[in-house]
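Participant: This structure is in structure tokens; I'll ask about it shortly.
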Amino acid sequence: MTTGTSLMNPFESASEIYIDDASVLSRFIAEVEPSCSFVSCAIDTEADSMHSYETKLCLIQFAIPGALAIIDPLTIGTDGLGEFVRFVDRFEVVWMHGADYDISLLNSTFSWVPRAIYDTQVAARLLGVGKFGLANLLEEEYGVKLSKQSQKADWSRRPLSEKMLDYAYNDVRYLIDLGGKYLERLRKAGRQDWFFESCRAAQESVIGRTGKSEDDLWRVNGWGRLSPKGLHYLKHLWLWRDEECRRLDRPAFKFLGNHELISMAVDLETGKSVRPPHYLRPGPVRRLHESIEAADQVPSRDYPVKHRRGEGPRIEVDENHLERIRKFRDQKASELGIESTMIATRMVMERLASTNLPEVEKQQSLLNWQRELLSPGI
């Protein structure tokens, strides 16, 4: 455990603690609990998806007024963080920035997310802020320049360097105050309800996201140009790569790229033999050829079906109607000083301009505030 303080400014003077033991976590909660108003806290996460096979939660950064904590799930273990989860659940609001990935990571790790999440990135965009990355916002609001050196660091390494710790603390240091500023500006602009609804919808979307089905995981970019035979070989190549990455505890892009899988599938589809990349070791190469030989024995009737992505009928779009909606959306966005995609994305507009979707389904593509803005143009 390490602690430190600084008297540079109210944000820098917050106490800092690195927690890598469940008993230290319990003491931290016991120490801050008496002074907690439980109105708001801030959370960020760091994960390792670039250096190992499985994406894993490596750090949780936590902030309340006057105190910052970096919690280490790799040493404590996720089972030891139940007390922290219950503590967070007592807060009315949890502030995050660009919360989508953090929500997904917390949900996959704990089958839990905070009840109410407010996202400073969503707030900034609804206020018309052009550069809404956290570093940009903190420089604009506080004159603070954050280093980006640790952005792609290996967060599974231990011990963490001082630079990595500074980066992690700074990701949550200002969030509660920043969120308060934005809430007040949103209230004055009459957009506070837009913000609440947008945050709630984003949270529900992440929790309800099922991801790709098992039959779609291997359909990497470029699969659409393959015949059923090519898809059959692509599936076997993907399964071979997945197993090799699992053996090596290595992410797929560091072993063999998707474009190389597609290239090999194209060769096999046209009856050519595969020439593995020269950097592959003999073991993986031998297992690659074994996988191809096994694929050769499968009858064509068992090849994968070449279906389209997505479910339901193909949307038929009235292009003239789509253009009218787009122009109306862009005009509204210009008047409000926000990005047009905050009101409706291209995909949403296509649904609104479709000729074969039920009206109820079209309207479900929009949030209430978006529907109110767009209804005169639809």
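Participant: So if I restrict to the alpha-carbon atoms in the stretch 319-377, what is the Rg, and what is Dmax, the biggest pairwise distance, in Å?
Facilitator: Computed over the Cα atoms of the stretch 319-377, radius of gyration and Dmax are 10.6, 33 Å.
Participant: Pick out, from GLY180, PRO304, ASN170, the residue whose Cα sits farthest towards the positive end of the charge dipole of the chain, with +1 on the Cβ of Lys and Arg and -1 on the Cβ of Asp and Glu.
Facilitator: PRO304
Participant: Right, another one. Run the simple label-point estimate for ILE315 and SER205 please: 7 Å along Cα→C-beta, distance reported in nm.
Facilitator: It is 1.3 nm.
Participant: If you take the Cα Rg of the stretch 3-207 and divide it by 2.2 N^0.38 Å, with N the number of residues, what do you get?
Facilitator: Computed over Cα atoms of the stretch 3-207, the ratio equals 0.98.
Participant: Over all directions, how big on average is the projection of the convex hull of the alpha-carbon atoms in the stretch 158-278, in square nanometres?
Facilitator: One quarter of the hull surface, i.e. the mean projection, equals 13.0 nm².
Participant: If you keep only loop residues by DSSP, which trypsin sites (Lys or Arg not before Pro) in the stretch 151-248 have at most 10 other Cβ atoms within 10 Å of their Cβ?
Facilitator: LYS152, LYS212
Participant: Mean Kyte-Doolittle of at least -1.0 and a Cα length of 20 Å or more along the axis: which whole DSSP H helices of the chain meet both?
Facilitator: The qualifying helices are 175-189, 192-207, 282-296.
Participant: Any chance you could list P(r) for the stretch 223-302, counting all Cα-Cα pairs in 5 angstrom bins from zero, rounded to whole %?
Facilitator: Histogram of Cα-Cα distances, whole percents per bin: 3, 15, 29, 27, 17, 8, 2, 0.
Participant: Between HIS259 and CYS36, what is the label-point separation in nm under the 7 Å Cα-to-beta-carbon projection?
Facilitator: About 4.9 nm separates the two model spin labels.
Participant: Taking the stretch 20-107, which trypsin sites (Lys or Arg not before Pro) meet the DSSP loop condition and have no more than 14 other C-beta atoms within 10 Å?
Facilitator: ARG90
Participant: Considering the Cα trace of the chain, what is its radius of gyration and what is Dmax, both in angstroms?
Facilitator: 24.8, 72
Participant: Could I have the simple spin-label model distance between ASP330 and GLN151, label points 7 Å from Cα toward Cβ, reported in nm to one decimal?
Facilitator: Calculated label separation equals 3.0 nm.
Participant: Can you flag which of LYS188/LYS332; LYS56/LYS152; LYS235/LYS306; LYS148/LYS188 are past 23 Å Cα-Cα?
Facilitator: LYS148/LYS188
Each value in this text was obtained by applying a stated rule to the coordinates, not by laboratory testing. What you see is a predicted model; the values in this text were computed from it and never measured. Backbone-built Cβ (ideal geometry, glycine too); neighbour counts: all protein chains shown.
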